[in-house]
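Everything on this sheet refers to the single structure shown next.
What follows is calculated from the coordinates using simple rules that are stated; it is not laboratory data. Here the structure is a predicted model, which is why all the values come from computation and not from measurement. Cβ placement follows ideal geometry from the backbone for every residue including glycine, while neighbour counts extend to all protein chains displayed.
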Amino acid sequence: MKTAVEWLISQLNKQGFAQVVTDEEINKAKEMEKNNIDNKVIHFAEWLTKKHTSTLITLYEHFEEEYYNETFKSE
């Protein structure tokens, strides 16, 4: 699946178009897009933590128990 930046680049690079943007500009756009996705994930995690603290604690406790059992009890 292409990102929005990759799709736009493919459209701009179709036959008949001169290269409109430089490779440096393309890489900068990809980095900006990645940062936007990373920021969205961080904001979601912050929102989730504020709204669903007790659920997250329960899930963590389940993970902790399962991890312990898989890691130490099988030895």
- Query: Is it the case that Thr49 is among the hydroxyl-bearing types (Ser, Thr, Tyr), in a helix (DSSP H, G or I) and surrounded by 10 or more Cβ atoms within 10 Å (Cβ to Cβ)?
  - Reply: yes
- Query: In the set Glu65, Glu31, Glu70, which member is free of Cβ contacts under 8 Å to residues at least 12 places away in the same chain, surrounded by fewer than 10 Cβ atoms within 10 Å (Cβ to Cβ), of a type outside the set (Val, Ile, Thr) and in a helix (DSSP H, G or I)?
  - Reply: Glu70
- Message: So for the stretch 2-24 (the condition being surrounded by 10 or more Cβ atoms within 10 Å (Cβ to Cβ) and of a type in the set (Ser, Thr, Tyr)), does at least one residue qualify?
- Response: yes
- Identity of the residue in the stretch 26-48, over 9 Å from the mean Cα position of the chain (by Cα) and of a type in the set (Lys, Arg), that ends up nearest to Ser10 (Cα to Cα): Lys30
